[in-house]
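Colleague: One structure coming up, written as structure tokens, with questions to follow.
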Amino acid sequence: MTGSKYICKPKDQLDTIDLKIIRSLSRDCRVSYRNISSIVGITPNAIKERINTMVCNGIIQSFIVNVNPALFGYEKECLLTLKHFYKKTTISNDDIIKHLNLLGDVRVYAKLLQRNALFVISLRQGAEDKIELVGDLLKQSALVVEYAFMNYRAISMKVRSSDFKIIKSLLSNPRMRVEDIAKDTSLSAKTVTRRLEKLRENNIIEFGVIRNMSSMHLTGYIEFAVMIHLIDDSLYQPVFEKIYQEMQEYLFVIPHANQKEGIFLVFFCSNIPTVDLILRRLESYEGVNRIEMFITTKLVYYQDWIKREMYKRLSSEEVLWQRQ
């Protein structure tokens with residue numbers, strides 16, 4: 001939304017066009033109105049109007065940039081699920097996150113059905129050994145703890161100081177225009193465009209949206225996430241390509257391949273039998289060890305850790321420059 005003259009129109013229900021727009025933005029929130037228009041079949045101005053309306057009504061809660069944690073030296077990702085088997089617990093959600101931050105940095109919190117929760121935690125070397133200690137602390141609060149670890153893929157490109165400056169600008173506004181990024185970083189627009197493409201190609205950054213999960217159900221669709229655990233990390237690409245070819249119509253969000261041993265995807269469909277069909281088909285693929293399904297009612301992305309790491313990296317770059 002730009003300009004003080006914009007009038008927010010109330011919207012209490014989504015239609016299939018809104019869903020297609022959210023799907024496009026979830027895969028890349030920097031996609032242009034024109035590109036979305038070619039997919040959806042309405043004018044770019046109509047696309048812009050619908051996005052503004054969904055933003056001001058809180059259906060699209062924010063645009064985000066996700067940064068590959070391996071860029072800052074994190075080695076593993078922990079998927080930790082907490083299950084409430086009792087009516088009362090003696091610990092708040094904030095306290096749970098404080099405990100989990102003893103392991104590393106909590107990146108994502110997903111509130112699941114039946115008061116359960118999923119946390120995605122980025123870990124540095126050696127932090128995996130602390131999981132049992134944290135798990136014991138949480139179990140004392142009438143929680144059942146389950147967890148799995150995955151290794152991050154190593155960064156294959158040389159990341160420059162200009163790349164960190166670009167990422168810093170994008171953290172303030174993931175949809176910032178290239179010209180404005182160039183002005184903010186004192187780089188040329190051509191350099192910004194070239195480095196952005198490199199960062200994307202090497203799975204260092206990706207762009208998406210935070211959605212109001214309750215609003216998604218107004219379309220009559222079921223949204224669910226699936227974690228696919230592979231027998232061997234060398235099978236990632238063939239399994240992913242098979243899923244993409246056979247299930248394109250159901251795929252909602254396709255995150256980048258930061259993990260070696262698993263594939264995390266978000267699907268949507270219109271009914272429970274189709275959910276079951278998708279899950280059974282995924283289980284049948286050669287190379288799949290097991291799958292986990294999550295139905296999320298609330299989703300929170302934490303980005304303070306990225307800002308902290310960005311500040312540390314840019315500060316160290318500044319010190320080195322001053323010493324030269």
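The values are calculated or read from the model by the stated rules, or taken from the named source; none is laboratory data. As the structure is a computational prediction, the values presented were derived from the model and not from experiment. No Cβ is skipped: glycine too gets one built from the backbone with ideal geometry, and neighbour counts run over all protein chains shown.
Colleague: When residues of segment 9-30 are filtered for being in contact with a helix residue (DSSP H, G or I) (Cβ under 8 Å, 6 or more places away or on another chain) and under 21 Å from Y221 (Cβ atoms), how many remain?
Modeller: Counting residues in segment 9-30 that are in contact with a helix residue (DSSP H, G or I) (Cβ under 8 Å, 6 or more places away or on another chain) and under 21 Å from Y221 (Cβ atoms) gives 14.
Colleague: Specify which of the listed residues (D184, D105) is under 30 Å from R30 (Cα atoms), crowded, with 19+ Cβ neighbours inside 10 Å, in contact with a helix residue (DSSP H, G or I) (Cβ under 7 Å, 6 or more places away or on another chain) and not aliphatic (A, V, I, L, M).
Modeller: The unique qualifying residue is D105.
Colleague: Suppose we filter R177, R124, R211, R115 for residues that are buried (at least 16 other Cβ atoms within 10 Å of the Cβ) and basic (K, R); which single one remains?
Modeller: Of R177, R124, R211, R115, the one residue that is buried (at least 16 other Cβ atoms within 10 Å of the Cβ) and basic (K, R) is R211.
Colleague: Test C8 against the criterion of being assigned to a loop (DSSP other than H, G, I, E, B), more than 24 Å from the chain's Cα centre (by Cα) and either buried (at least 18 other Cβ atoms within 10 Å of the Cβ) or in contact (Cβ under 8 Å) with a residue 40 or more places away in the chain (or both), and give yes or no. Show your work before the answer.
Modeller: Values: assigned to a loop (DSSP other than H, G, I, E, B): yes; more than 24 Å from the chain's Cα centre (by Cα): yes; either buried (at least 18 other Cβ atoms within 10 Å of the Cβ) or in contact (Cβ under 8 Å) with a residue 40 or more places away in the chain (or both): yes.
So C8 passes the test.
Colleague: Please find, within segment 163-182, the residue that is nearest to N68 (Cα to Cα) out of those that are assigned to a helix (DSSP H, G or I) and free of Cβ contacts under 8 Å to residues at least 12 places away in the same chain.
Modeller: S172
Colleague: Looking only at residues that are among the hydroxyl-bearing types (S, T, Y) and under 14 Å from A70 (Cβ atoms) in segment 151-162, which one is surrounded by the fewest Cβ atoms within 10 Å (Cβ to Cβ)?
Modeller: Taking the candidates together, the pick is S156.
Colleague: Still on this structure, I have one more. Taking into account only those residues within segment 273-292 that are farther than 20 Å from D233 by Cα and touching a strand residue (DSSP E or B) at 6+ places or on another chain (Cβ under 7 Å), which is surrounded by the most Cβ atoms within 10 Å (Cβ to Cβ)?
Modeller: Checked segment 273-292; the qualifying residue surrounded by the most Cβ atoms within 10 Å (Cβ to Cβ) is I278.
Colleague: What is the number of the single condition among (1) crowded, with 17+ Cβ neighbours inside 10 Å; (2) among the small types (G, A, S); (3) modelled with pLDDT under 90; (4) assigned to a strand (DSSP E or B) that A148 does not meet?
Modeller: Evaluating A148 over (1) crowded, with 17+ Cβ neighbours inside 10 Å; (2) among the small types (G, A, S); (3) modelled with pLDDT under 90; (4) assigned to a strand (DSSP E or B) leaves (1) as the failure.
Colleague: Being touching a residue at least 24 places away in the same chain (Cβ under 8 Å) and part of a loop (DSSP other than H, G, I, E, B) is the filter; apply it to segment 42-60 and report the residue that is surrounded by the fewest Cβ atoms within 10 Å (Cβ to Cβ).
Modeller: Among those that are touching a residue at least 24 places away in the same chain (Cβ under 8 Å) and part of a loop (DSSP other than H, G, I, E, B), it is G58.
Colleague: In segment 101-132, how many residues are free of Cβ contacts under 8 Å to residues at least 24 places away in the same chain and either within 17 Å of T296 (Cα to Cα) or not in a loop (DSSP other than H, G, I, E, B) (or both)?
Modeller: 2
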